[in-house]
1. With springs only between Cα atoms under 10 Å apart, run a GNM on the chain and tell me which of Glu12, Glu97, Glu85 wobbles the most.
2. Taking the Cα centre of the chain as origin, work out the dipole magnitude from +1 charges on Lys and Arg Cβ and -1 charges on Asp and Glu Cβ, in debye rounded to 20.
3. Under the Karplus relation 6.51 cos²θ - 1.76 cosθ + 1.60, θ = phi - 60°, what is the ordered set of whole-Hz ³J(HN,Hα) values for segment 21-32, x standing for Gly and Pro?
4. Could you work out how much longer the chain between Leu67 and Lys98 gets when fully extended? Use 0.36 nm per residue separation minus the Cα distance between them, nm to one decimal.
5. Out of segment 1-84, which chymotrypsin sites (Phe, Trp or Tyr not before Pro) are coil in DSSP terms and have no more than 12 other C-beta atoms within 10 Å?
6. Just one of (i) 119; (ii) 138; (iii) 93 is volume of the Cα convex hull per residue in Å³ as worked out from the coordinates here. Which one is it?
7. With springs only between Cα atoms under 10 Å, which of Ile95, Ile72, Ile18 fluctuates most in a Gaussian network model of the chain?
8. On a straight-distance basis, which lysines could pair with Lys98 in a cross-link, Cα separation under 20 angstrom, same-chain partners fewer than 8 positions away excluded?
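None of the figures in this text is laboratory data; all of them are computed from the coordinates on show. Note that the coordinates shown come from a computational prediction; the quantities given were computed from them, not determined experimentally. Ideal geometry is used to build each Cβ from the backbone, glycine not excepted, and the neighbour counts take in all protein chains shown.
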Amino acid sequence: MTWKETLKRKAEGLRADIFALHLAVRRPDVPWYAKAVAVAVVAYALSPIDLIPDFIPVFGYLDDLVLLPLGIALAARLVPRNVLEECRAQARRRIAEKGPKNWTAATIVVLIWLAVLGAIAWRILA
């Protein structure tokens, strides 16, 4: 297996884990603190705005390569193991069927970022 195939497989695994965390948040048997961490990780993964912008050489992608796996690992430790395995299986199944598309979640993330940017602009211009 080439390094490109390995990298692609790991990226697909991250995508499935993000989707599994999204599914876990909706479960009533997941503790509130695990849901809070999972929501933060999923929001960061879906957010069009990064901690370090991607156009900055090396460091732009470094935050995605470090922060996202660390966040997933933390959330995975907090979610009960059996629930996480069920959500991972469901995520893999749904991705294989048609792929996850949640326009509502994407719209909410974009609106939150627009509100934050609007508040910053208002503060600067006021």
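1. Most flexible of the set in this elastic network: Glu97.
2. 400 debye
3. Along segment 21-32, the couplings run 5, 4, 5, 5, 4, 7, 8, x, 8, 9, x, 4 Hz.
4. Extra length from Leu67 to Lys98 when fully extended: 8.4 nm.
5. When the chymotrypsin sites (Phe, Trp or Tyr not before Pro) of segment 1-84 are filtered for loop state and at most 12 Cβ neighbours within 10 Å, Phe55 remain.
6. So the structure-derived entry is (ii).
7. Of the options given, Ile95 has the highest mean-square fluctuation.
8. Candidates past the 8-residue exclusion: Lys8, Lys10.
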